[in-house]
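Notes follow the structure.
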Amino acid sequence: MDNFPSCPSILVLLLLFFPLSWADSHDTFIKCLSDQSNQLSSIVYTPTNPSYTKILQFYVRNRRFNRTTTPKPSLIVTPLTETHVSATVVCAKSAGIHLKIRSGGHDYDGISYVSDDPFIILDMFNLRSITIDAKTQTGWVQAGSTLGELYYKLATISKTLGFPAGVCPTVGVGGHLSGGGYGNMLRKYGLSVDHVIDARIVDVNGRIMDRTAMGEDLFWAIRGGGGASFGVVLAYKIRLVPVPEVVSVFRIEKTVAQNATDIVHKWQLVADKIDNDLFIRVLIQPVTINKKRTIRATFISLFLGDSDRLVKLMGNDFPELGLKKEDCMEMTWIESVLYWANFDNGTSIYALLDRNSNVNFLKRKSDYVQNPISKEGLEWI
Ligand SMILES: Cc1cc2nc3c(=O)[nH]c(=O)nc-3n(C[C@H](O)[C@H](O)[C@H](O)COP(=O)(O)OP(=O)(O)OC[C@H]3O[C@@H](n4cnc5c(N)ncnc54)[C@H](O)[C@@H]3O)c2cc1C
């Protein structure tokens, strides 16, 4: 036993060993990257760079992960070209460094920019070009684009082409489409990934591949299999969907005293059966009205058609909500995108290009309800 070092000695050895090996990997990575890219200084941010904190924090979309105790990356790489992405993957692999891929930073648990292991961030925000071909009704969208930028681009090209994806404009295309992507045209058109027809990715060996090169299995996996699992997505080729020149929206609030429980219960029975042009979301929240705590259900809708048809449809299939024509607003599809993103009526579509977002403390979980919740269950909730 005398030959073994004492516990404090082991600790000192460990402390010496780990920082050194990490520093070595770090240097290996930087050297490898500079060998491959002469633009290194403009794409790599170390903690001593004055822009490091700003870049790191800009795409932190959850204040839970913006604390002094949150683990920080030792480097942020911000590629300007596909080749930069490829070089980053190759160098991170050869240096044995954990790579986090970030597009819009909206991961609910900060997975794209936090890790307990030493890590670097591959930040895709510069790769945000979007090209739309109205003739073929398709487009290429780079992973660092936001949904808002995609919707904006569509609006500049056509009033009758849309894309079925999420309602929050600052969500990144890279993470959103990798995970499926659902929005308020879900009932008519399914998920975003149902409209992805090609993609460009960088695999673990740094190869840039399109659908043909990657093969159908991998192409299937990157459309919903979860971000960062199968490589770095550079861009998705999407098929656009037709939207009418006039759509309708409404927002109706009902408290418990206004029969919210029965109406929400009925909504569960009709929501998946009513005309596919109609999507109704319900938000159930505790509120205080006249100093009394109660529960309020807010019904928010997008209808791909005019308000006359909407009112008739609702009268037949969901009369309990009591929708009247004056509750509805007719607008273009892009205006409905702004409406759903809670912008005031009349807000310019330029607002969709704004990458700033309100950052809150968030913890979110989703689930699928297989059977309608009973009225008793709703009351219990
Ligand atoms: C406020 C808010 C509103 C939302 N609204 C909706 C909604 O309406 N509909 C909906 O379906 N979802 C919604 N989401 C969920 C959102 O779609 C997912 O969290 C999505 O993964 C975010 O993508 P991102 O690029 O912004 O996030 P990131 O945090 O950058 O990435 C998320 C995940 O994808 C990986 N990833 C990112 N980019 C790439 C890439 N280029 N290649 C490979 N992997 C990558 C990351 O490593 C991480 O694992 C919302 C989330 C928030 C916070």
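Points to keep in mind about this one:
- Near pairs, Cβ below 8 angstrom, 6+ apart or cross-chain, from the range 180-192 (under 14 Å from K273 (Cα atoms)) to any residue that is aromatic (F, W, Y): L186/F279; R187/F279; K188/F279
- Answer residue from the range 306-357, given it is out of contact with any strand residue (DSSP E or B) (no Cβ under 9 Å at 6 or more places or on another chain) and of a type in the set (G, A, S) and is nearest to D275 (Cα to Cα) among those: G315
- Among the residues here, I280 does not qualify as under 26 Å from D133 (Cβ atoms), of a type in the set (A, V, I, L, M), within 16 Å of the ligand (Cβ to nearest atom) and modelled with pLDDT of 95 or more.
- If you filter the range 346-381 down to residues that are assigned to a loop (DSSP other than H, G, I, E, B) and in contact with a His (Cβ under 9 Å, 6 or more places away or on another chain), you find that the one that is surrounded by the most Cβ atoms within 10 Å (Cβ to Cβ) is S357.
- In this entry, A260 is excluded by the filter for residues that are among the small types (G, A, S) and under 30 Å from the mean Cα position of the chain (by Cα).
- All of (1) closer than 30 Å to L147 by Cα; (2) surrounded by 19 or more Cβ atoms within 10 Å (Cβ to Cβ); (3) aromatic (F, W, Y) hold for F343 with one exception: (2).
- Residue check, L161 surrounded by 16 or more Cβ atoms within 10 Å (Cβ to Cβ), away from the ligand (no atom under 11 Å from the Cβ) and either under 22 Å from F230 (Cα atoms) or modelled with pLDDT of 95 or more (or both): yes
- V89 within 23 Å of G231 (Cα to Cα), of a type in the set (A, V, I, L, M, F, W, C), in contact (Cβ under 8 Å) with a residue 60 or more places away in the chain and not in a loop (DSSP other than H, G, I, E, B): yes
- Taken over the range 127-145, residues that are out of contact with any helix residue (DSSP H, G or I) (no Cβ under 8 Å at 6 or more places or on another chain) and either within 16 Å of the ligand (Cβ to nearest atom) or in a strand (DSSP E or B) (or both) amount to 5.
- Filtering the range 167-184 to residues that are closer than 13 Å to R102 by Cβ and within 6 Å of the ligand (Cβ to nearest atom) leaves V171, G172, G174, G175, H176, S178.
- Test: residue in the range 68-75 that is out of contact with any Cys (no Cβ under 6 Å at 6 or more places or on another chain), more than 10 Å from the ligand (Cβ to nearest atom) and either in contact (Cβ under 8 Å) with a residue 60 or more places away in the chain or basic (K, R) (or both): yes
- Checking each residue in the range 197-240 for being more than 10 Å from the ligand (Cβ to nearest atom), of a type in the set (V, I, T) and surrounded by 20 or more Cβ atoms within 10 Å (Cβ to Cβ) picks out only I238.
The values are calculated or read from the model by the stated rules, or taken from the named source; none is laboratory data. If you're wondering where the values come from, they're calculated on a predicted model, not measured in any experiment. As a convention, Cβ positions derive from the backbone with ideal geometry for all residues, glycine included, and neighbour counts pool all protein chains shown.
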